[in-house]
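Enquirer: One structure, as structure tokens, below. Some questions next.
The values are calculated or read from the model by the stated rules, or taken from the named source; none is laboratory data. All of these numbers come straight from a predicted model, not from anything done at the bench. Positions of Cβ are generated from backbone atoms using ideal geometry, with glycine treated the same way; all protein chains shown enter the neighbour counts.
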Amino acid sequence: MIELESVCKIYNDGQPNEVRAVRDVSLKIPLDATTVFRGPSGSGKTSLLSMIGCLSRPTSGRIHLEGECISGLPEKFMTDIRRRTFGFIFQRFNLLRGLTVMENVMAPALPLGGDHADLRHRAMEILHRLQLDHKATVASELLSGGEAQRVAIARALINDPAIILADEPTANLDTALTEEFLGVMADLKQQGKTILMTSHDPRIWQAKLVDRIVSMKDGAIEDVLEQSERENEKE
Amino acid sequence: MNSTALRRHLNLIDFTLSAMRRRLWRNVMLFAVYLVLVFLLASVMSFSHAIRREAALMLSGAPEITVQRLVMGRHDLVPLSYLDKVGNIRGVQKAYGRLWGYFYDQGTRANYTLMVPGPDAKDYQLTKGQAILGEGIARVRGAKKGRILTITSPTGKPLVMRIKDVMMPDSALVGSDLILVTEEDFRRFFNLPPNVYTDLVLKVRNTREVSTIVGKASYLLPDARFVTRDDILRTYEAIFSWREGLLLALLAAVIVAFAILVFDKASGLSGEEKREIGVLKAVGWDTSDILAMKFWEGALVSLLAFLGGVLAAYAHVFLFDAGLLKPVLQGWGVLYPDFSLPPSIDGLQLATLAIFTIVPFTGATIVPIWRAAITDPEQVMR
Ligand SMILES: Nc1ncnc2c1ncn2[C@@H]1O[C@H](COP(=O)(O)OP(=O)(O)O)[C@@H](O)[C@H]1O
Ligand SMILES: [Mg+2]
């Protein structure tokens, strides 16, 4: 369970260009379900996801993971939780240009001090599962959009995280690739991973694997739809 | 260090090598400039170190006091009678006259030193018609032990000698242009009367008495000049320091180039690089991981460039006789035939050079990264 307790995120606090991106959000996110945050652009979805994933700290409020507070920690601990618990799939993929697919996938694991050969082996396995093994030595900037995203997924999986965070994962994908992405996510869910996504893409909201939809507006939560209720919504 | 920590560093080195491969040309250029800088600095340092060592070696064999006679302010021949006067001063262990002089050899267009070995030089005793050559002359004239050497005196008379030996002196600077001959041959060659010497040499029992002896001797010999070993030492120091200073000024230009390079590295962090650091942090790297990775980049480049530069400099100075520096640093080199310096290395100099190149370079690699690496990684979500 991830528990948000009156979480606020204010950018440029106290300055004229102050932005209240997330306002007093309290929410319980079960780990055995797939949750999607939806809402118009600027509603604070990305900010919220960053705080959950220990990429940034709330301006106020607390975030608990399985009862442990993960929000007010020094950087070293934050990094440690981040790399052992979360795998990120960024909206813009954020692959490292000039490095090969293999090097990109291995990158998050390097500082953990694992054996290099083992690591390569693990990366190759993941690439194989995502049907990317033939691209292992290709420079990442030469990939198509769909391939780039699958590499980003592989990179998110290299440290075997319990929770996958994906920010607007289908914003740059066509319908076929979106289906493919949802298929991969469904597999991961099958393997017991928790998946949290942000999206304003209806194809995501309607996906079968999604259990809960949290709607946001102006930095606050409007409502939470459970799967059962969604059945009704469709009718 | 346990094996996980070690593997972490190996992994980070592996990553940094891959990352450097991307800007291969820039990194190669950087490496080359760095290497040339170290090469030049190390060459100058080890060359001047070796030359100083040569000078010190030469001086260690020099007499405590040399007596010259001045006539109208110029160095003139010393009559034998002077020797009796100063030889009896208390504290003088031994006094003898020396015969040496320069002559210009038309054939090889070089100045040679002709000298009669002193009474202490037991290894160099000669009989009439024999000569011992410095290795520089032997090389230039193509002369070998047992052959005949003919030199033409300033008066046009040839002197024919059999080469008894070729010396391989400890000190190349002094020995290599030297021809040792007997007193008889020397006087004949320069057409000198008997009972005169080039200068006198006083060996002193206790070096602390040098100034007292000089005081007494100058009273006895008012037209003589006394040169002590300390005087020579000071003159050499002055000449070497001046030349070294000149060269270091030239090197300042190279150092400025290096500084610009380092500064460029220190300030130049493109948006792309910043973003990359953000991505690495976002996917689980700690600030210290990024710094360690960048540290290895700086350290590998500078260590390799440093080692390469130092090895090249060593080869340059001691195997190739410092061909690039010789005309500048060894001012009177044109007077001498070629010589090679015996290898010697000053550890302190090397350490200084290492600290003043590796540390700023590695620092310049890390510092801007430090600034970028301590920021929140959230930006990469945008
Ligand atoms: N670093 C920042 N500095 C200032 N304002 C920001 C920053 N990041 C996001 N914002 C603002 O915060 C608000 C919420 O942004 P975001 O969390 O990205 O929303 P969403 O992902 O739903 O589009 C927006 O108004 C955005 O402009
Ligand atoms: Mg967003």
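Enquirer: In this structure, is A:R82 over 26 Å from A:M185 (Cβ atoms) and among the charged types (D, E, K, R)? So that I can check it myself, show each step before the final result.
Expert: Numbers: over 26 Å from A:M185 (Cβ atoms): no; among the charged types (D, E, K, R): yes.
When the stated conditions are applied, A:R82 does not pass them.
Enquirer: Look through region B:268-319, keep the residues that are of a type in the set (K, R) and crowded, with 22+ Cβ neighbours inside 10 Å, and return whichever of them is farthest from the other protein chains (Cβ to nearest Cβ).
Expert: So, considering only residues that are of a type in the set (K, R) and crowded, with 22+ Cβ neighbours inside 10 Å, the one farthest from the other protein chains (Cβ to nearest Cβ) is B:K294.
Enquirer: Can you find a residue that is within 16 Å of ligand 2 (Cβ to nearest atom) and surrounded by fewer than 15 Cβ atoms within 10 Å (Cβ to Cβ) anywhere in region A:42-54?
Expert: yes
Enquirer: Also, quick follow-up: Inspect region A:137-149 for any residue being within 30 Å of B:S3 (Cβ to Cβ), among the hydrophobic types (A, V, I, L, M, F, W, C) and touching a residue at least 24 places away in the same chain (Cβ under 8 Å) and give the result as yes or no.
Expert: The answer is no, given that none of the residues of region A:137-149 is within 30 Å of B:S3 (Cβ to Cβ), among the hydrophobic types (A, V, I, L, M, F, W, C) and touching a residue at least 24 places away in the same chain (Cβ under 8 Å).
Enquirer: In region B:104-118, how many residues are in contact with a strand residue (DSSP E or B) (Cβ under 6 Å, 6 or more places away or on another chain) and surrounded by fewer than 16 Cβ atoms within 10 Å (Cβ to Cβ)?
Expert: Summing the residues that are in contact with a strand residue (DSSP E or B) (Cβ under 6 Å, 6 or more places away or on another chain) and surrounded by fewer than 16 Cβ atoms within 10 Å (Cβ to Cβ) in region B:104-118 gives 2.
Enquirer: Could you check region B:121-146 and list, in sequence order, the residues that are part of a loop (DSSP other than H, G, I, E, B) and surrounded by 13 or more Cβ atoms within 10 Å (Cβ to Cβ)?
Expert: B:A121, B:Q125, B:L126, B:G129, B:A143
Enquirer: Can you tell me which residues in region A:120-134 are modelled with pLDDT under 95 and buried (at least 21 other Cβ atoms within 10 Å of the Cβ)?
Expert: A:L132
Enquirer: Within region A:76-83, can one find any residue that is within 16 Å of ligand 1 (Cβ to nearest atom), of a type in the set (S, T, N, Q) and either in contact (Cβ under 8 Å) with a residue 12 or more places away in the chain or more than 22 Å from A:N159 (Cβ to Cβ) (or both)?
Expert: The answer is no; no qualifying residue exists.
Enquirer: On the basis of being within 16 Å of ligand 1 (Cβ to nearest atom) and surrounded by fewer than 19 Cβ atoms within 10 Å (Cβ to Cβ), does A:E222 make the cut?
Expert: Yes; evaluated as a whole, the condition is true for this residue.
Enquirer: Next question, about the same structure. Keeping to region A:1-36, report how many residues are surrounded by 17 or more Cβ atoms within 10 Å (Cβ to Cβ) and over 12 Å from A:S47 (Cα atoms).
Expert: Going through region A:1-36 one residue at a time, the tally reaches 8.
Enquirer: Would you call A:Q190 more than 14 Å from chain B (Cβ to nearest Cβ), free of Cβ contacts under 8 Å to residues at least 12 places away in the same chain, out of contact with any Gly (no Cβ under 9 Å at 6 or more places or on another chain) and away from ligand 1 (no atom under 16 Å from the Cβ)?
Expert: On the way: more than 14 Å from chain B (Cβ to nearest Cβ): yes; free of Cβ contacts under 8 Å to residues at least 12 places away in the same chain: yes; out of contact with any Gly (no Cβ under 9 Å at 6 or more places or on another chain): yes; away from ligand 1 (no atom under 16 Å from the Cβ): yes.
Yes; evaluated as a whole, the condition is true for this residue.
Enquirer: In region A:123-169, how many residues are within 12 Å of the chain's Cα centre (by Cα) and not charged (D, E, K, R)?
Expert: Residues flagged as within 12 Å of the chain's Cα centre (by Cα) and not charged (D, E, K, R) within region A:123-169 amount to 11.
Yes/no per residue for (1) at pLDDT 75 or above; (2) outside any helix (DSSP H, G or I); (3) within 30 Å of B:M45 (Cα to Cα):
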residue	(1), (2), (3)
B:L250	no, no, yes
B:V254	no, no, yes
B:L261	no, no, yes
B:L269	no, yes, no
B:G278	yes, no, no
B:K281	yes, no, no
B:G284	yes, yes, no
B:D289	yes, no, no
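Enquirer: Where residues in region A:118-138 are in a loop (DSSP other than H, G, I, E, B) and not β-branched (V, I, T), which of them is farthest from the other protein chains (Cβ to nearest Cβ)? Write out each step before concluding.
Expert: We begin by selecting, within region A:118-138, every residue in a loop (DSSP other than H, G, I, E, B); these are A:130-132, A:136-138.
Next, only the ones that are not β-branched (V, I, T) stay: A:130-132, A:136.
Details: A:L130: 17, A:Q131: 22, A:L132: 17, A:A136: 13 Å.
In this case the residue turns out to be A:Q131.
Enquirer: Hey, another quick one. Of all the residues that make up region A:103-145, how many are under 21 Å from A:R92 (Cα atoms) and charged (D, E, K, R)?
Expert: Residues flagged as under 21 Å from A:R92 (Cα atoms) and charged (D, E, K, R) within region A:103-145 amount to 3.
Enquirer: So B:T155 ticks every box in (1) within 16 Å of B:T182 (Cβ to Cβ); (2) at pLDDT below 85; (3) polar (S, T, N, Q) but one. Which box is left unticked?
Expert: Tallying (1) within 16 Å of B:T182 (Cβ to Cβ); (2) at pLDDT below 85; (3) polar (S, T, N, Q), B:T155 fails exactly one: (1).
Enquirer: While we're here: I'm trying to understand the selection: among the residues of region B:208-225, which are more than 16 Å from B:K94 (Cβ to Cβ) and in contact with a helix residue (DSSP H, G or I) (Cβ under 9 Å, 6 or more places away or on another chain)?
Expert: B:K216, B:L220, B:L221, B:A224, B:R225
Enquirer: Picking from B:E237, B:E273, which residue would you name as being of a type in the set (D, E) and modelled with pLDDT under 80?
Expert: Within the list B:E237, B:E273, the selection yields B:E237.
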